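One structure is given here, and the rest of the page talks about it.
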């Protein structure tokens, strides 16, 4: 087994985002050989002590880097795996930048899934998605379930006014052996729709948490970032997940409720 630390390059122009991502990466890989930069031109100028095997770029604002700078870095690292993180500021810009490969781009709220996938690629546990992959191929890769989950005997409650979400979550839980029950039946875990994050929704969540302090509360929001996560935890949520393409994360979090 190779014990050499994984070399990672992190580039984020925004100070807060850079610190947040640095902490996030080291929480997942404490032994990573991590190089952190705020400017792409500095990366090109300094070169690499160890050539990174994984590159994470936070797109930030639309002019965070130029096409020429990006192309130069891309050509310097032909064998690296790339994750280009989109956030609220850069989502629309990336759709109009054809030189950013769709197979490398991922919204911040789905970074957890993509990061795990790329680690599996680097350890040889899965085949890599080509950098030329289409949006459809990328979607199918992000939506797949990487392993089997057994929720047999687990009781799960659902809190959402959205009928489609309720049906989707119900089918997911039941298809893996879990049982949907009402909140009054004190389920082991609850999947809780946190949108819209307003006073009434927060109050409902806080009341339920006080009523059942041992239940695992899995919050769901359209957009997940550090501020949303902190606010959700203060209200009693154990883990906050994105609604889009999060089946694997939901099942993993429900499995943790059985321990």
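The values are calculated or read from the model by the stated rules, or taken from the named source; none is laboratory data. What you see is a predicted model; the values in this text were computed from it and never measured. Don't worry about glycine lacking a Cβ; one is built from the backbone with ideal geometry, like all the others, and counts go over all protein chains shown.
Some observations on this one:
- Residues of segment 127-158 that are surrounded by fewer than 16 Cβ atoms within 10 Å (Cβ to Cβ) and either part of a helix (DSSP H, G or I) or at pLDDT 80 or above (or both): 127, 128, 130, 135, 136, 137, 139, 140, 143, 150, 152, 153.
- Residue that is farthest from residue 128 (Cα to Cα), among those in segment 72-94 that are part of a helix (DSSP H, G or I) and at pLDDT 85 or above: 72
- Which listed residue is under 30 Å from residue 74 (Cβ atoms) and in contact with a strand residue (DSSP E or B) (Cβ under 6 Å, 6 or more places away or on another chain), from 118, 127, 137: 118
- In summary, residue 110 fulfils each of the numbered conditions (1) assigned to a loop (DSSP other than H, G, I, E, B); (2) touching a residue at least 40 places away in the same chain (Cβ under 8 Å) with the single exception of condition (1).
Let's see how each residue does on (1) surrounded by 13 or more Cβ atoms within 10 Å (Cβ to Cβ); (2) closer than 22 Å to residue 85 by Cα; (3) touching a strand residue (DSSP E or B) at 6+ places or on another chain (Cβ under 6 Å):
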| site | (1), (2), (3) |
| --- | --- |
| 202 | yes, no, no |
| 207 | no, no, no |
| 210 | no, no, no |
| 214 | no, no, no |
| 218 | yes, no, yes |
| 224 | yes, yes, yes |
| 227 | no, yes, no |
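- Residues of segment 193-219 that are in a strand (DSSP E or B) and within 15 Å of residue 155 (Cβ to Cβ): 216, 217, 218.
- Single condition residue 174 does not satisfy, out of (1) within 23 Å of residue 154 (Cα to Cα); (2) touching a residue at least 24 places away in the same chain (Cβ under 8 Å); (3) in a helix (DSSP H, G or I): (2)
- Check on residue 172, in contact with a helix residue (DSSP H, G or I) (Cβ under 7 Å, 6 or more places away or on another chain) and at pLDDT below 95: yes
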